[in-house]
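Heads up: the structure comes next, in structure tokens.
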Amino acid sequence: MSDNIIAPENLVYKKPKLLNNETMHYCPGCSHGVVHKLVSEVIEEMGMEDKAIGVSPVGCAVFAYRYIDIDWQEAPHGRAPALATGIKRVWPDRLVFTYQGDGDLACIGTAETIHALNRGENISIIFINNAIYGMTGGQMAPTTLIGQKTATCPYGRDPKIHGYPLNITQIASGLEGTCFVSRQSVETMSAIIKAKKAIRKAFTSSMLGKGSSLVEIVSTCNSGWKLSPIKANEWMRDNMYPKYVKGDLKDTTGL
Ligand SMILES: Cc1ncc(C[n+]2csc(CCOP(=O)(O)OP(=O)(O)O)c2C)c(N)n1
């Protein structure tokens, strides 16, 4: 089938120019690759290829800088929003975003996350919530669900011992500094289209100086969850969505 009979909005496999030919290290079925593609597409569509600066985390996305051909800065674990703050304040004309997992953003980096968002820094945070520490072998994260088994809670998360799942995106939506807070996913075409729109709105509003934005992507970690990619998507739908409800939690952008 030739490209010219496919409507542009349905052409999902076209590779963005910013995504290079490096072989990604992500596991088959992992959500990171799709989100990398969306971030690349949005930057290209905004014409910000030479002005985008990503801050990569410690976690599975630690090598994000290898795959998307823009400027990157690597942050110590959890410190990406503080680093992004500095970069954006020095270069206000740049599109500055962080790309972080739930362990990075909602555990070791909770303080940096909350305070950057509360200050209303004109940065965007892309938050990959797979309810687990993927890179280090599937330990419990703040976002791990009640009853979910991980390497460090093999009998399931028990709130009496481990506390409750942290809904940091909801907290973000209650902060005065945020202008756009959204929760999306990338397991179906319609979900991918919505996620891309949210990323675009986040990036656009930070360039317009409207404040901080956060887009959570409810994600799978089939290796950490020990499920096939298809089963992982089913598990995500059945277990993650009731707790991490998708949609826009806050939008004061007027966009
Ligand atoms: C200061 C510090 N503490 C702990 C670690 C070990 N560490 C590396 S990645 C990681 C967890 C990352 O999990 P998450 O942010 O959820 O991202 P994922 O790998 O699931 O994408 C941890 C604890 C580290 N590298 N540095």
Regarding Pro165, is this residue surrounded by 18 or more Cβ atoms within 10 Å (Cβ to Cβ), out of contact with any strand residue (DSSP E or B) (no Cβ under 9 Å at 6 or more places or on another chain) and either touching a residue at least 24 places away in the same chain (Cβ under 8 Å) or not β-branched (Val, Ile, Thr) (or both)?
-> no
Is it true that some residue in the stretch 135-146 is in contact (Cβ under 8 Å) with a residue 12 or more places away in the chain and either away from the ligand (no atom under 12 Å from the Cβ) or basic (Lys, Arg) (or both)?
-> yes
Within the stretch 63-95, considering residues that are of a type in the set (Ser, Thr, Tyr) and farther than 23 Å from Ala172 by Cβ, the one surrounded by the most Cβ atoms within 10 Å (Cβ to Cβ) | Tyr67
Going through (1) of a type outside the set (A, V, I, L, M); (2) closer than 21 Å to Thr178 by Cβ; (3) more than 16 Å from the ligand (Cβ to nearest atom) one by one, Gly78 fails only at (3)
Condition met for Thr178 (without any contact (Cβ under 8 Å) to a residue 24 or more places away in the chain and among the β-branched types (Val, Ile, Thr)) | no
From the list Ala202, Ala195, Ala141, Ala191, pick out the single residue that is in a helix (DSSP H, G or I) and touching a Phe, Trp or Tyr at 6+ places or on another chain (Cβ under 9 Å).
-> Ala202
Number of the exception - Asn129 against (1) of a type in the set (S, T, N, Q); (2) within 12 Å of the ligand (Cβ to nearest atom); (3) more than 21 Å from Asp251 (Cβ to Cβ) | (3)
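Each row is one residue, and each column tells you yes or no for (1) within 16 Å of the ligand (Cβ to nearest atom); (2) buried (at least 24 other Cβ atoms within 10 Å of the Cβ); (3) at pLDDT 95 or above.
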| residue | (1), (2), (3) |
| --- | --- |
| Thr178 | no, yes, yes |
| Ser185 | yes, yes, yes |
| Ser206 | no, yes, yes |
| Ile217 | yes, yes, yes |
| Lys231 | no, no, yes |
| Lys246 | no, no, yes |
| Leu249 | no, no, yes |
In the stretch 158-188, how many are touching a Phe, Trp or Tyr at 6+ places or on another chain (Cβ under 9 Å) and in a strand (DSSP E or B)?
-> 2
Taking the residues in the stretch 59-97 that are without any contact (Cβ under 8 Å) to a residue 60 or more places away in the chain, in contact with a strand residue (DSSP E or B) (Cβ under 9 Å, 6 or more places away or on another chain) and among the aliphatic types (A, V, I, L, M) as candidates, determine which candidate is farthest from Thr136 (Cα to Cα).
-> Ile87
Residue match in the stretch 100-114 (condition: in contact with a Leu (Cβ under 9 Å, 6 or more places away or on another chain), away from the ligand (no atom under 14 Å from the Cβ) and touching a residue at least 60 places away in the same chain (Cβ under 8 Å)) | yes
Can you pull out the residues in the stretch 68-88 that are part of a strand (DSSP E or B) and either touching a His at 6+ places or on another chain (Cβ under 8 Å) or on the phi > 0 side of the Ramachandran plot (or both)?
-> Ile68
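The values are calculated or read from the model by the stated rules, or taken from the named source; none is laboratory data. Just so it is clear, the structure is predicted and the values come from calculations on it, not from any experiment. Cβ: placed from backbone, ideal geometry, glycine included. Neighbour counts: every protein chain shown.
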